[in-house]
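Reviewing the structure listed below.
Nothing in this text is a laboratory measurement; each read-out follows from the coordinates by a stated rule. From a predicted model like this one, the values you see are computed outputs, not experimental measurements. A quick note on method: Cβ atoms are made from the backbone with ideal geometry, for glycine too, and the neighbour counts reach across all protein chains shown.
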Amino acid sequence: MRTNQQSINIDARAFDLGPVEITVATQAGPRILGYSRTHGAQLFASLPDTVIRHADAGVFRFLGGHRLWRSPEVPASTYQPDDSPVLITEDQAGFTVEGRADPDGVVKTLSVSQRGPYTLVGHSLENRGMRDVLVAPWAITQLVPGGTAVLPEQVEPADVDGVLPNRRLVVWPYTDLSSAEIEFAADSVELHATDSETKTKIGLPNRRGWLAYSLGDELFIKWSALHDDDARYPDFGASVQCYRDERFIELETLGPLVVLDPGSSTVHSEVWQLLALGDRPLNDVLASLPNAPEGIDA
């Protein structure tokens, strides 16, 4: 596998959902290319020239923004190109974006709606093929570098005596835990999105419900379902993950692994929010975040 630069024009369609503006690719995906507060800064990365070439899959174009992949990460299936027109359907609640079936018959669909300050994003994998497929929905948001990603950790003891381990960190082989990009705090792991030409990826079970990315005055938060200890997840149980290199940083959430019979589907939901910090200290805002937005199930 290797990445390089290759130019492409991206056709897109914009949606005004009130407090936020969303841009969706029309000829690839499903992909959300842009997400910002109305007249606010754009944190989603734009990567029209960045591609992955793999002998067993072809050329996958990152484009940037938000995408739905399928895990486990097997390049022959994960990196399948999605450069085909998508079906966009609007209704009173919002819109859906459906891509074409991949070689296994798996169809990816994003559904987007707005509820007050929160954006609800559903991620569906449906098996329209002829055989069973093992998948986990994998929701990936690429953000511009320069800020800091925060992965909160469980701090409560795992047992009444407080003698058992209560957290797990998953590390990818190219990650240097001594690098300046990683910072361990009392209740979180932070990943700084620098321009260092290195790669870093870490993951952990989703015990707090949210991930966040702070850049300047902007704070992007996304919630997903808490880790289910009775379910099986990819990547040693890392149901939330963060990757960075010099071009972008990714906030990633995953649903459990499921075997999709022909005709069946699985859905993984996220809830997004964009905040302008103003004069509020970032740590105070993060400390106040609940495991899920009030009245909304992630």
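So what is the orientation-averaged projected area of segment 1-103, using the convex hull of its C-alpha atoms, in nm²?
Details: hull surface 28.5 nm².
Reported value for the Cα convex hull: 7.1 nm².
On alpha carbon coordinates alone, what is the Rg over Rh value for the chain, Rh being the Kirkwood radius? Write down the numbers at each step before the final one.
On the way: Rg = 18.5 Å, Rh = 19.6 Å.
So for the chain, dividing Rg by the Kirkwood Rh gives 0.94.
Provide Phe95, Phe44 in ascending order of the number of other Cβ atoms located within 10 Å of each residue's Cβ, fewest first. Let's see the in-between values first.
Values: Phe95 17, Phe44 21.
In order of increasing Cβ crowding within 10 Å: Phe95, Phe44.
With the alpha-carbon atoms as the only input, what is the per residue convex hull volume for segment 82-162 in Å³? Let's see the in-between values first.
Values: hull volume 17.2 nm³, N = 81.
Expressed per residue, the convex hull around the Cα atoms of segment 82-162 is 212 Å³.
How big, on average over all directions, is the shadow cast by the Cα convex hull of segment 143-298, in nm²?
Working: hull surface 45.4 nm².
Projected area, direction-averaged: 11.4 nm².
Using a 10 angstrom Cβ neighbour count of at most 10 plus a DSSP loop assignment to flag exposed GluC sites (Glu not before Pro), which longest range of the chain is free of such sites? If you can, show how the numbers build up before the last one.
Numbers: sites that count: Glu197, Glu294.
That gives 1-196 as the longest site-free run.
For segment 55-197, what value does the Rg/Rh ratio take when both radii are computed over Cα atoms and Rh is the Kirkwood radius, given to two decimals? If you can, show how the numbers build up before the last one.
Working: Rg = 19.2 Å, Rh = 18.6 Å.
Looking at segment 55-197, the ratio lands at 1.03.
What residue among Asn127, Asn206, Asn166 has the largest mean-square fluctuation in a Gaussian network model of the chain, using Cα springs under 10 Å?
Sorting by GNM fluctuation, first place goes to Asn166.
Running a GNM on the chain with Cα contacts under 10 Å, which residue among Trp69, Trp210, Trp172 ends up with the highest mean-square fluctuation?
For the chain, modelled as a Gaussian network with Cα springs under 10 Å, the answer is Trp172.
Can you give me the distance in nm between label points at Ala14 and Ser179, each placed 7 Å from the Cα along the Cα-to-Cβ direction?
3.5 nm
Remind me, relative contact order of the chain in percent, using alpha carbon pairs under 8 angstrom and six or more residues apart? Could the numbers behind the result be given before it?
Details: 749 pairs, mean separation 49.0, N = 298.
Computed over the chain, the figure is 16 percent.
Using r as the Cβ-Cβ distance of Arg167 and Ala55, and R0 as 35 Å, what FRET efficiency do you calculate, to the nearest 0.05? Before the final figure, lay out each step's value.
Working: r = 38 Å, r/R0 = 1.09.
Efficiency, rounded to the nearest 0.05: 0.35.
Charges only on Cβ, +1 for Lys and Arg, -1 for Asp and Glu: so what's the dipole of the chain about the Cα centre, in debye to the nearest 20?
Working: 24 positive and 42 negative charges, 131 e Å.
Computed about the Cα centre, the dipole is about 620 debye.
Just for the Cα atoms in segment 171-240, what are the lengths along the principal axes, largest first, rounded to whole Å?
Principal extents (Cα only, largest first): 38, 32, 21 Å.
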